[in-house]
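Presented below is the structure to which this report refers.
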Amino acid sequence: MSRECNLNVQGVMKIKDWPLSIFSLQSLVFILPLICLILFATPTFAQEDPTITNDQCMLCHSDPDLTMVLPSNEVLPLTAESDTLAHSVHVAGAEEPLNCVDCHNDKTGYPHAPFPSNDYRSWQVQMSLVCGNCHEDQAVEQQDSMHSRYLAAGRIEAATCADCHGSHETDWADPEKGPVGRMAQVDACGSCHSTIADEYKESIHGQTLADGSDDVPTCSSCHPAHHIEDPQSAEFRLKSPELCGDCHADDAMMSHYEISTDVFDTYVSDFHGTTVQIFESIQPGEFTNKAVCSDCHGAHHILPATDENSSVMKANLTETCQRCHPDAGENFADSWMGHYRASWEHFPLVTAVEWFYRLVIPITIGFFVSYIGLDVARTWLDRSRQRKEYRRARRKEESPEQEASELEGGERNE
């Protein structure tokens, strides 16, 4: 703008240097307003900036050596790979491909405004708010998550959108729209929760996922991606058997792995499961010390009962029980049937006792019901007989008196 104005001013100076004979004073009166109109109209058209395209941004940001030193003395790389953005879901898979300035909406041209944050992480947290401009539902769900609570409390290391989904290299997260790497989700969570991710990969779930299974649980199966609850809360603890039951009570899914759904049903029917179900339905926010699935099997490092490192293997079971029952002896764990239902093949003694009660209890109840029924019937018959005899005796007593009264009446008539 300043360059154009200088050129125009120089032009006016040249006009003034021309001989006055060329222009009369009257002509200057009409020419000078026209010159002023041109001078003041030029900046007006210059303010209308066209839409900034990605190609314009890449003129600078394709430079592999482009960096910036932040106030925190961090060196921020400013290079953006054009192919990375072009293959992301925001461009290749979008109905309306995004431009750089759709997310970096504070950039209106060059030179850019001063960097809005003192350090890189604060800028990441600030930029994550832009995602909610398009993904409104997910942004609303995230407001109640543990990650957002930590961010609100000043814990800026808590996960943001870009930490899980990436920024320029965003991939599909919905399997119905595109291929989703389920193990990539574990790796994304593992960037912060590395110990838990390593435990998961060693577990039966992680091993089965690595073998190519599509129905084993990943992180978001138990911890929903955007609405992540506090796993240490009493409500989450009481609800955890239902989370496990989503898979382990599914006959079709469990038959694929030759696992019985009795694993869940037998827990619900025993003392631990029954108590947990009652607390979950009546007082979901109250803590109970009754065992849930993760107390025995672990939360992330879940192994089959046949694995020597499993917490529910026969040799390790007593130690597992002692976590809640410190005085448990060697025979304490023998009372647990390992989620098997009593049968002649498994635990025949328990099965015999169970059948004994199945027979004795109905027979005993039936005997007493019959006894009470016969007693009631006998009592009713006795009382009915007594009533009949009483009525017969009354009739006999009344008959002589009636005959005497009839005779007396006859004699009077004579």
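Only the coordinates and a few stated rules stand behind these numbers; no lab work does. Note that the structure is predicted; figures quoted are calculated from it, not measured. Neighbour counts are summed over all protein chains in view; Cβ atoms, including those assigned to glycine, are modelled from backbone coordinates with ideal geometry.
Cα centroids of region 146-162 and region 97-123: 21 Å apart. Between V369 and L76, the modelled labels are 8.1 nm apart [label points 7 Å from Cα along Cα→Cβ].
For region 321-366, compute Rh as the Kirkwood radius over C-alpha pairs and then the Stokes-Einstein diffusion coefficient at 37 °C and 0.692 mPa s; write the answer in µm²/s, rounded to an integer. Intermediate results must be reported in sequence, preceding the final value.
Working: Rh = 12.7 Å.
In µm²/s, the coefficient is 259.
Gain on full extension, evaluated as 0.36 nm per residue between V350 and E176 minus their Cα-Cα distance, stands at 57.8 nm. In region 244-395, Rg over Rh equals 1.30, where Rg is the alpha-carbon radius of gyration and Rh the Kirkwood radius from pairwise Cα distances. Shown is the FRET efficiency for W336 and S255, computed with R0 = 30 Å from the Cβ-Cβ distance and rounded to the nearest 0.05: 0.75.
Remark: the Cα gyration tensor places region 53-169 in the oblate category, a/c being 1.5 or greater and a/b not exceeding b/c. Here E398 and Y357 are evaluated by their C-beta separation; at R0 = 41 Å the FRET efficiency comes out at 0.10. For region 53-169, averaging the sequence separation of C-alpha pairs within contact (under 8 Å, six or more residues apart) and dividing by the residue count gives a relative contact order of 22 percent. Kirkwood hydrodynamic radius (Cα pairs, Å) of region 215-265? Kirkwood radius, region 215-265: 12.0 Å.
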